[in-house]
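Below: the structure, in structure tokens.
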Amino acid sequence: MVGSPTMTIPEVVCDHASIARELPYLRRFARALANDASKADDLVHDCVVKALENMEKFQPGTNLRAWLFTILRNCFISDIRRSKRHVGAADSPRWARGGIAPPNQESALLLHRLQGELGNLPDDQRMVLALVVLEGMSYEQTAKTLEVPIGTVRSRLSRARHALRIAMDGGPSSDDGTDLPASSAHHHVLAHAA
């Protein structure tokens, strides 16, 4: 139509300002992976340095956050390989500390147990759980971020949920193949990972 204004959609670019806007999300994801605030800060720093060094590799118009999460995940994996040890279960991921359970003694104890069990999950399962539950990513976005098939995302998420249910409920699924009901303290994580 002649004379009508055309609507332009701003193209996502990778620059200092765009990366700075993603820092809170990077920190949250790093803390979920590392179980330690200082290790998480180091991961975010390494991620930002690599992103700035490789800005020309970012494809404008694509998902910057997913690209940064991929870099962060790769930094995390490199750190694990470099240190030859896995993240300890003694530390709790920061994202599991707030807002899951109401402040009462029973729920606080269950939440503490849940934090420990989250730390016991294998890294690949904890990554998927963090991206789907914490970041609210779809299975498709998570698969692209982690560079794995969508079936792998579903499988890892299912195994993480199953492991948490076993750990928190004290046993596996019921005999008829259906999952046992989740207790209130960990229901949030398990329900949102569905």
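The values are calculated or read from the model by the stated rules, or taken from the named source; none is laboratory data. Note that the coordinates shown come from a computational prediction; the quantities given were computed from them, not determined experimentally. Backbone-built Cβ (ideal geometry, glycine too); neighbour counts: all protein chains shown.
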Checked against (1) surrounded by fewer than 18 Cβ atoms within 10 Å (Cβ to Cβ); (2) part of a helix (DSSP H, G or I); (3) modelled with pLDDT under 85, residue 56 satisfies every condition except (3)
Taking first residues from segment 43-64 that are under 12 Å from residue 19 (Cβ atoms) and second residues anywhere that are surrounded by 13 or more Cβ atoms within 10 Å (Cβ to Cβ) and of a type in the set (Gly, Ala, Ser), the pairs with Cβ under 8 Å that are 6 or more apart or on different chains are 44/30; 47/30; 58/51; 64/18
Filter segment 134-167 for residues that are not in a helix (DSSP H, G or I) and not acidic (Asp, Glu); the one that is surrounded by the most Cβ atoms within 10 Å (Cβ to Cβ) is 137
